[in-house]
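Read the structure below first, then the notes.
The values are calculated or read from the model by the stated rules, or taken from the named source; none is laboratory data. Values in this document were obtained by computation on a predicted structure and should not be read as measured data. Neighbour counts run over all protein chains shown; Cβ positions are idealised from the backbone, glycine included.
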Amino acid sequence: MARARTPPAYFTEKDHEGMVFVLEGLFPPATTLIFNPILGTLLLLAIQAKGGTNIPVLVKEEQFTTAEICVLLPILQSFPYYCSYATLLASLNWGRVTESTTAQAHERLQEATEAGTWDAEMRPVRNLLSRVRPKLRRCGIEIASILETGYMLKEHSSLCNSLAQVPTITILRGGLDAFSKSEG
């Protein structure tokens, strides 16, 4: 059995079943993200109607390290709004985003701003985001930086290409027997 990749403090028992993110406005209808906290994977699924049956089709799958998950999840959970620097720092440093940890992170960022060390304080978050960004781009999502505020999710043009290449599923005798590339 695979080892859990996600910090235990970040999840409740219920969360171990998976987290569904319907990012309305970023994806076409019937397209969703599912995060598997046990394996640290993010799945991009599209529902394809075939012969009167709706079938989920895996479009992309990306795996994230424990540290990457600490910056990924708060951004996904903040959609359609921005995710503040303090929220990301709280998640990375304490493994859980609460009012208390976010306030502590905000205070640390205020002190770092006054001391002129804000860049050094945020460097670990920015480094992790630089590793998360290419993985999300392959899923059609861009992480946009908002000056002096935080980050938010936006659509990346690669999603249209990904969904155009989703295999068409052929159903024979009630089962999934064959896969073929969809046309055009």
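Could you say whether any residue in the stretch 152-173 is at pLDDT 80 or above and over 20 Å from Val59 (Cα atoms)?
yes
For Arg96, work out the one condition from (1) charged (D, E, K, R); (2) without any contact (Cβ under 8 Å) to a residue 24 or more places away in the chain; (3) under 15 Å from Leu76 (Cα atoms) it doesn't fulfil.
Of (1) charged (D, E, K, R); (2) without any contact (Cβ under 8 Å) to a residue 24 or more places away in the chain; (3) under 15 Å from Leu76 (Cα atoms), only one is false for Arg96: (2).
Assigned to a helix (DSSP H, G or I), within 25 Å of Tyr151 (Cβ to Cβ) and not hydroxyl-bearing (Ser, Thr, Tyr): is that true of Glu62 in this structure?
Answer is no for this residue.
Conditions: (1) buried (at least 18 other Cβ atoms within 10 Å of the Cβ); (2) at pLDDT below 95; (3) polar (S, T, N, Q). Thr98 meets all but one. Number of the miss?
Evaluating Thr98 over (1) buried (at least 18 other Cβ atoms within 10 Å of the Cβ); (2) at pLDDT below 95; (3) polar (S, T, N, Q) leaves (1) as the failure.
Tally up the residues in the stretch 79-93 that are surrounded by fewer than 24 Cβ atoms within 10 Å (Cβ to Cβ) and under 16 Å from Leu128 (Cβ atoms), please.
Qualifying residue count, the stretch 79-93: 6.
Six or more apart or on different chains, Cβ under 8 Å: which pairs go from a residue in the stretch 44-56 that's free of Cβ contacts under 8 Å to residues at least 24 places away in the same chain to one that's small (Gly, Ala, Ser) and crowded, with 17+ Cβ neighbours inside 10 Å? Could you list them?
Close Cβ pairs satisfying both conditions: Pro56/Ala46.
May I ask you to verify whether Val71 is in contact with an Asp or Glu (Cβ under 8 Å, 6 or more places away or on another chain) and either farther than 17 Å from Leu26 by Cβ or of a type in the set (A, V, I, L, M, F, W, C) (or both)?
no
Mind checking which residues of the stretch 101-114 are surrounded by 12 or more Cβ atoms within 10 Å (Cβ to Cβ) and over 17 Å from Pro124 (Cβ atoms)?
Selection gives Ala103, Gln110.
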